[in-house]
1. Just the residues that are surrounded by fewer than 19 Cβ atoms within 10 Å (Cβ to Cβ) and part of a strand (DSSP E or B), please, taken from region 164-179.
2. List the pairs whose first member sits in region 322-334 and is within 19 Å of residue 448 (Cα to Cα), whose second member is assigned to a loop (DSSP other than H, G, I, E, B) and at pLDDT below 90, and whose Cβ atoms are under 6 Å apart, counting only residues at least 6 apart or on separate chains?
3. Does any residue of region 102-115 turn out to be under 22 Å from residue 205 (Cα atoms) and either modelled with pLDDT of 55 or more or not assigned by TED's automatic domain parsing to the domain that holds residue 307 (or both)?
4. Within region 199-242, how many residues turn out to be on the phi < 0 side of the Ramachandran plot, assigned to a loop (DSSP other than H, G, I, E, B) and in contact with a strand residue (DSSP E or B) (Cβ under 6 Å, 6 or more places away or on another chain)?
5. Looking at region 337-384 only, could you name the residues that are in a loop (DSSP other than H, G, I, E, B) and out of contact with any helix residue (DSSP H, G or I) (no Cβ under 6 Å at 6 or more places or on another chain)?
6. Does residue 251 count as in contact with a helix residue (DSSP H, G or I) (Cβ under 9 Å, 6 or more places away or on another chain) and closer than 21 Å to residue 335 by Cα?
7. Is it the case that some residue within region 307-330 is more than 20 Å from the chain's Cα centre (by Cα) and outside any strand (DSSP E or B)?
């Protein structure tokens, strides 16, 4: 098989893998009958377990009589807290987060766009609510708490602010959910406190849940960047495709955090480690119904005897999937940024791009410089490839003669062509091998540039106002075949296609007219494929082609 056949096969296989990867991988008043002993006691330290508790083996004590819930008040408040980073609204109904707006991010890149909302309106019950798995306190999830604050709206720009929600049963059980907000952090501390003023012990498992909305529209978008439940279990990142939840919905082990991820944003539950040498055995449990996915962290509680109190500390994260932001937390949350199979390559590329941006605050320029860095890294391989192509060019006349001479005897023609390669010491595979070696870099960049929040709504210049979206010059109010919204002229993509065409013309061709025509169609095919890709990825390919043409031209002149 001659060099051009191998090159054609490599390009076609690369495109097939790229398209297949996109389709299949590119993958939510306190009772006064409490005993004086409980009312006067100070907040105890978290009870450390004497041994590991296996949640998956836990069964609710059937001898424990469920505690009756006091009648719920019909009117309840929603408390709003504003920090420099976000606006959060927590309802007394369930003490759940009903709204969370990010002040530094918008829904779109338009000037009049509303702030990015992390709790979709479809999640009417909110997210980050908690319950007891064994229902020892029936209706706890829907309980109406009392917020210990006179104001419904609070704003602060420095330091911390604490907000306490309290709920009590008629039997003397008091449950508190105490939030601590920090002006400079997306991380929210939350202490869940139980005070047992009843006459029977409380023995159950604590369950804290994050909910996400997942309908057909979200499902369609998740083909390119994963949307759904994720967790860090037993020191490994794990993502669970929604369609697989019905097959397996429980994952026991040592859990650092659980959460629900969008393409660029994350909601996570992070249990605080009270005894690093004796980690709590816990469990991730999932449910998927009515377009809602609930990701729950479950851990066994210590038995709480009458007159005692226990506290369970957590942290909640609602914010961007930014490596710069997540890396500052000492809880492995930075592992929520995961690029799948190419993670080992994509993460260093993301760090390099962020480093360049610190010096030159334009992500378009950062991508260009990153492309130059990669080309320099693979410069020797490229040189070898272009030298091989040049050698092939020298034997093209002889190959044409052999094809004409033995056009009726394919077996003899192939034998003579292989002999020609041997005589002139030409290796046809050496031309396409360097390109195949660089394919993992391309796929890693594809995943990184498609998922990096740094590129979301990041402008480059001129008409390219969002490097995470397809480039469009002008805006049309009619649909264009094979083009996703918005509709317009994909100018950068067309320039990239032109660079593919010029590069193809510089590449030696075989004497087979059919193969030559097929190779000339490849730039058109690649332009169609890239028409809906993020502008950042198209920019990378365009710059890569320009540098490649310059290197090829230099080598050809040097060895001529």
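The values are calculated or read from the model by the stated rules, or taken from the named source; none is laboratory data. Source: prediction; values computed, not measured. Ideal geometry is used to build each Cβ from the backbone, glycine not excepted, and the neighbour counts take in all protein chains shown.
1. If the condition is that a residue be surrounded by fewer than 19 Cβ atoms within 10 Å (Cβ to Cβ) and part of a strand (DSSP E or B), then 164 is the only one that fits.
2. none
3. No, region 102-115 contains no residue that is under 22 Å from residue 205 (Cα atoms) and either modelled with pLDDT of 55 or more or not assigned by TED's automatic domain parsing to the domain that holds residue 307 (or both).
4. 4
5. 338, 360, 361, 362
6. no
7. Yes, some residue in region 307-330 is more than 20 Å from the chain's Cα centre (by Cα) and outside any strand (DSSP E or B).
Here is a yes/no grid of residues against (1) buried (at least 21 other Cβ atoms within 10 Å of the Cβ); (2) in the same structural domain as residue 446 (by TED's automatic domain parsing); (3) closer than 15 Å to residue 271 by Cβ; (4) at pLDDT 95 or above:
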{"site": "181", "(1), (2), (3), (4)": "yes, no, no, yes"}
{"site": "185", "(1), (2), (3), (4)": "no, no, no, yes"}
{"site": "195", "(1), (2), (3), (4)": "yes, no, no, yes"}
{"site": "199", "(1), (2), (3), (4)": "no, no, no, no"}
{"site": "207", "(1), (2), (3), (4)": "yes, no, yes, yes"}
{"site": "215", "(1), (2), (3), (4)": "no, no, no, no"}
{"site": "223", "(1), (2), (3), (4)": "no, no, no, no"}
